[in-house]
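To keep things clear, I will list the structure first and then write my remarks on it.
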Amino acid sequence: MAQIFNKYGPILITAMGQTLLLALYGLFFACIIGLIVGIMSVVKNKFCRGFALVFVNLIRGVPMIVLAYFIFFGIPFFCNSILKIGGVTLTALQAGSICLALNCGAYMAEIIRAGIQSVDIGQMEAARSLGLPYWRAMQRVILPQAIRTMIPSIINQFIITLKDTSILSVIGFPELVNTAKNVVASTFLSFQTWGIVAIMYLIVILLLQWAAKVLERKLKYESK
Amino acid sequence: MNPNNVKIKVENLKKDFGRLNVLQGVSTEIYEGEVVVVIGPSGSGKSTFLRCLNRLEEVTEGRVIIDGQDITDPKTDINKLRERVGMVFQHFNLFNNMNVLRNLMLAPVDLKQCGKEEAKERALAMLERVGLQDKIKAFPHQLSGGQKQRVAIARSLCMKPDIMLFDEPTSALDPEMVGEVLDVMKELAREGMTMVVVTHEMGFAREVANRVMFIADGVILEEGTPEEVFDNPQNPRTRDFLNKVL
């Protein structure tokens, strides 16, 4: 194992960097999508709620590997061959980020919807009865409380998404699993290589969990 | 009480929840400085009536006019109006994510009623009034029920309302804490605040109310001075209700 790591360590660590980069892009846009769609699913407007429902069900109903193939191969093909707009290509990083953002975004939307709905309705009523407009009340009273209860679920989703980056090896993005496959192909040392890869994922995820615990402690309401 | 100035005029107010007709035509006038106590069996529509007065419930039919302004008119700036109509809830509804001081300062500062400094002064003055000036840094979960409700009253008062609505303000309190909240409300009444209070505290009604209103089945069945309603109720439903609660 040590031998493999000495020889292939640098390229595996670089690949881990690529994994993290992909996860970071994906999660960043997933948070934006999740927040927008999550809020859309709790507002009064029926069109917004309908859109949110369709989006979430559509994404949840399709395996991510299918979504990845569809975005990476399907979309450029559709643009080039059917719409006849030439030269549309997506890099694996772009397609991968979109794929992760959509997939994780749909789950985040559900977490955010549940989080907002878990805040007692009386909080909104009290804010409104003081004269605060709906969005102000949302921003100052509801969301801060909702986010606090959502943190464990959000971190959980982050971890799932980080691991799901491995699925994007199928579109050729040089993340950790894809790179490890190449290492195994040239060394045949699958036990050692996959062992190292597993430990690398584990370390990153444990760090993420530790950071989440610290954050959770910081967000407790105490008199300061 | 100033009988020349109608603060709240309610005209044939109806409210349906789906097929359930909770309010079936309520009309009344509430004067400046008047304390109206609303009593009635649970499910009679008294809380719904109160919540229609600041449009926390959308009115199905009829009008609610506050200081000449029809609040059921979609063109009315309801947020502006709510600044002048304070509301106190059964379950306090203090903002759990803020300490007491920030609970009190949020609305005045956010709605640009005044600057931060003045809002803080106001908040401290109101907290002193309810006897909780030492709790400014506390979070809601660190307060007792009675303290929470007094903070909630102070929070409403920070907006300088001229009408206060109370929705069963003592129903969720332990018995020994009811007094401290009622004392604050009595003080407010003495200072001439226009108040509409939904409550089961008959002692409070007798002592403070200018008028007691008995609501059942979505209509006002009887109203009058506390003496009239409590000592000589005319409607059999009122008599029946009072027999059960007194």
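Per-structure values
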read-out: Index of the failed condition, residue B:222 passing every other in (1) surrounded by fewer than 18 Cβ atoms within 10 Å (Cβ to Cβ); (2) more than 19 Å from residue B:157 (Cβ to Cβ); value: (1)
read-out: Region B:185-203, subset open to solvent by 10 Å² or more (accessible area, probe 1.4 Å) and part of a helix (DSSP H, G or I), residue farthest from residue B:224 (Cα to Cα); value: B:187
read-out: Residue A:152 farther than 21 Å from residue A:29 by Cα and surrounded by fewer than 17 Cβ atoms within 10 Å (Cβ to Cβ); value: no
read-out: Within region A:102-132, tally of residues that are under 27 Å from residue B:90 (Cβ atoms) and acidic (Asp, Glu); value: 2
read-out: Residue in region A:7-30 that is open to solvent by 20 Å² or more (accessible area, probe 1.4 Å), under 30 Å from residue A:195 (Cα atoms) and of a type in the set (Gly, Ala, Ser) present; value: yes
read-out: Region B:79-99: number of residues that are open to solvent by less than 10 Å² (accessible area, probe 1.4 Å) and outside any loop (DSSP other than H, G, I, E, B); value: 5
read-out: The listed residue being over 22 Å from the mean Cα position of the chain (by Cα), more than 13 Å from every other protein chain (Cβ to nearest Cβ) and crowded, with 16+ Cβ neighbours inside 10 Å, out of A:157, A:192; value: A:192
read-out: Sole exception among (1) aliphatic (A, V, I, L, M); (2) farther than 15 Å from residue B:204 by Cβ; (3) within 13 Å of chain A (Cβ to nearest Cβ) for residue B:164, by number; value: (2)
read-out: Condition check for residue A:130: touching a helix residue (DSSP H, G or I) at 6+ places or on another chain (Cβ under 6 Å) and in contact (Cβ under 8 Å) with a residue 40 or more places away in the chain; value: no
read-out: When residues of region A:129-140 are limited to those that are facing another protein chain (nearest Cβ under 7 Å) and open to solvent by 50 Å² or more (accessible area, probe 1.4 Å), the one farthest from residue B:51 (Cα to Cα); value: A:140
read-out: Per-region count, region B:29-45, residues closer than 14 Å to residue B:214 by Cα and surrounded by fewer than 18 Cβ atoms within 10 Å (Cβ to Cβ); value: 3
read-out: Selection count, region A:31-58, where residues are free of Cβ contacts under 8 Å to residues at least 24 places away in the same chain, open to solvent by 30 Å² or more (accessible area, probe 1.4 Å) and assigned to a loop (DSSP other than H, G, I, E, B); value: 2
read-out: Any chance residue A:123 is open to solvent by 10 Å² or more (accessible area, probe 1.4 Å) and closer than 30 Å to residue B:155 by Cβ; value: no
read-out: Residue match in region B:66-78 (condition: within 10 Å of chain A (Cβ to nearest Cβ) and either outside any loop (DSSP other than H, G, I, E, B) or touching a strand residue (DSSP E or B) at 6+ places or on another chain (Cβ under 8 Å) (or both)); value: yes
read-out: Odd one out for residue A:102 among (1) assigned to a helix (DSSP H, G or I); (2) modelled with pLDDT of 95 or more; (3) within 14 Å of another protein chain (Cβ to nearest Cβ); value: (3)
read-out: Single condition residue A:129 does not satisfy, out of (1) in contact with a strand residue (DSSP E or B) (Cβ under 6 Å, 6 or more places away or on another chain); (2) modelled with pLDDT under 95; value: (2)
read-out: Of the criteria (1) in contact (Cβ under 8 Å) with a residue 24 or more places away in the chain; (2) among the polar types (S, T, N, Q); (3) open to solvent by 10 Å² or more (accessible area, probe 1.4 Å); (4) assigned to a loop (DSSP other than H, G, I, E, B), which one residue B:48 fails; value: (4)
read-out: Close pairs from region A:167-193: first over 24 Å from residue A:97 (Cα atoms), partner of a type in the set (Gly, Ala, Ser) and open to solvent by 50 Å² or more (accessible area, probe 1.4 Å), Cβ under 7 Å, at least 6 apart; value: A:184/A:190
read-out: Close pairs (9 angstrom Cβ cut-off, 6 or more residues apart or separate chains): more than 12 Å from residue B:29 (Cα to Cα) and open to solvent by 30 Å² or more (accessible area, probe 1.4 Å) in region B:52-68, small (Gly, Ala, Ser) and not in a strand (DSSP E or B) anywhere; value: B:56/A:129
read-out: Selected residue [under 17 Å from the mean Cα position of the chain (by Cα) and buried (at least 20 other Cβ atoms within 10 Å of the Cβ)] from A:61, A:96; value: A:96
read-out: Members of region B:102-125 found to be away from chain A (no Cβ under 13 Å), of a type in the set (D, E, K, R) and touching a helix residue (DSSP H, G or I) at 6+ places or on another chain (Cβ under 9 Å), listed by number; value: B:116, B:118, B:120, B:122
read-out: Residues located in region B:137-159, provided they are of a type in the set (Gly, Ala, Ser), surrounded by fewer than 22 Cβ atoms within 10 Å (Cβ to Cβ) and either facing chain A (nearest Cβ under 7 Å) or within 10 Å of residue B:86 (Cβ to Cβ) (or both); value: B:138
read-out: Some residue of region B:126-133 being touching a Cys at 6+ places or on another chain (Cβ under 6 Å), more than 9 Å from chain A (Cβ to nearest Cβ) and surrounded by 19 or more Cβ atoms within 10 Å (Cβ to Cβ); value: yes
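The values are calculated or read from the model by the stated rules, or taken from the named source; none is laboratory data. All of these numbers come straight from a predicted model, not from anything done at the bench. Glycine also receives a Cβ, built like all others from the backbone with ideal geometry; neighbour counts cover every protein chain displayed. Side chains included, ligands, DNA and RNA excluded: accessible areas come from the protein's heavy atoms. Shrake-Rupley method; radii C 1.70, N 1.55, O 1.52, S 1.80 Å.
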